[in-house]
Every structure is written in C-alpha cells, then in structure tokens.
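First up is the structure itself, then whatever we jot down about it.
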Amino acid sequence: MAKTGTTTQGLRAAIERSGYYPALVAEAVEAAVGGEPVASYLVHQETTFDSNEVRRHATVLVLTGNRFIVSHTDEQAADTSSPTPYATTSTESVKLDRISSVVVSRVVANPEKYVAGTLPREVVLTIGWGAVSRIDLEPAACGDANCEADHGYTGSSTADDLSLRVSEAGDGPDAVRQTLAFAQSLSEATAATATGR
C-alpha cells in the first residue's frame, strides 16, 4: 500500500489509513517534519514472511522545501530482550543538497509493445545521500588464462541508503503511480537545489 500527496493533514490521513501503528508512526514522522510544510510524501507498507513469522514494515518518505525525511517502522516478536512484542521506529532527516542520486528502475511487460504513459508493472526507487555505501569486490584478472599472478582486486562502490520496491501485483497500480509521482517530486526538488532555485 502506498499513498502520496502534498499536505500535512494528507500525510497524517495516509498514515492512519495504512493501519500500521498509526499513532506511533505519525508521532515519529511529525516530530521529524516539525513545522515545515509538506511538499510531497509517500507511505508504503509491506508484509514479509520470515520462517514461521509474518512481519510488517512501514516506510514513510516526506519531502519538505529543504529536507528529505525517511521513517522506518518494524514490528518484532517477543524475544529474550522483551517478553512482549514491540515495534522500532526511526527517522532520518537529510538536507536536499546531500542527496546524490534518485534512481527509478521500471519493469515493463512486452517492451516491444510499450506505449508512452503505460504504467510499469514494478518500480524500484533508490535514493542515495552517502550514509550507506556498498562495496562489491572481486579478484582482478588479466587476459591470459594461464596467468597465476596476483592482480589485486577490482570492484565498485554503490550508494545504497534506501531502496523501495513497489509492484502492481503486490501493491496495486495506485501504489506504482504514487511511487513514480513521489520520485518525480524528489528529483525536481534535488535539481532545483543543485541549480540554486
């Protein structure tokens, strides 16, 4: 389930409609937003299956005039540290000028028949701001198949701060549409920040 919009009241209503610990999620998000007007938001809830447990996770993304705010809330079963189930919620506030990338990956069926404006069947929104990076290394090699020399390592570093996957089959077409709308708002805001508008 994903909801998007542009007002503080709409944000609160979307969190409440998600039904996932709305008082907890709303309080954390509203504290992070403070008094700033909300330019755009996206509320996404996903359910995962982990062995014999069903776990829910909510992600709330908020765009203000100056910041990008991300909130995650997870529920946990009772364990050795807590005799009762509990939830963990966290928020991070990022200045717009720190966002280094907004990547939108679209998966479309029958690309040879694609018509502009057709909704993708899946969207992955990846946002990077330098807080988390992933390094993939592998042994370097030369072109000689018989060479046994040590050529060191080669690899790549990828910003991997947030990745959100939304599919038409799992979340519905509105969720895909709303994710694309939020991604566009965020891209436009970071472009405006970069050019000083």
key: Residues (open to solvent by less than 70 Å² (accessible area, probe 1.4 Å), more than 15 Å from the chain's Cα centre (by Cα) and not hydroxyl-bearing (Ser, Thr, Tyr)) located in the range 31-49   = 32, 33, 34, 36, 38, 39
inquiry  = For a quick check of your reading of the model, give me the residue pairs whose first member lies in the range 163-177 and is within 10 Å of residue 121 (Cα to Cα), whose second is at pLDDT 90 or above and charged (D, E, K, R), with beta-carbon atoms closer than 6 Å and at least 6 apart or on different chains.
reply    = 167/122; 168/121; 176/168
ask   = Residues that are open to solvent by 80 Å² or more (accessible area, probe 1.4 Å), at pLDDT 85 or above and under 22 Å from residue 60 (Cβ atoms): which strands (runs of 3 or more DSSP E) entirely in the range 110-197 hold 1 or more of them?
value = 162-167
task = Show the residue pairs that are 6+ apart or on different chains and have beta-carbon atoms under 9 Å apart, the first residue being within the range 1-26 and part of a strand (DSSP E or B), the second being modelled with pLDDT under 85.
result = none
query = How many residues does the range 27-82 contain that are outside any strand (DSSP E or B) and within 30 Å of residue 194 (Cα to Cα)?
reply = 12
Leading residue by the ranking (farthest from residue 33 (Cα to Cα)) among those in the range 50-64 that are open to solvent by less than 60 Å² (accessible area, probe 1.4 Å) and free of Cβ contacts under 8 Å to residues at least 60 places away in the same chain = 57
query = Could you say which residue among 84, 88 is open to solvent by 70 Å² or more (accessible area, probe 1.4 Å) and closer than 18 Å to residue 162 by Cβ?
reply = 88
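The values are calculated or read from the model by the stated rules, or taken from the named source; none is laboratory data. Bear in mind that the values here come from a model prediction, so they are computed numbers and not experimental data. Positions of Cβ are generated from backbone atoms using ideal geometry, with glycine treated the same way; all protein chains shown enter the neighbour counts. SASA here: full protein model, heavy atoms, side chains in, ligands and nucleic acids out. Shrake-Rupley method; radii C 1.70, N 1.55, O 1.52, S 1.80 Å.
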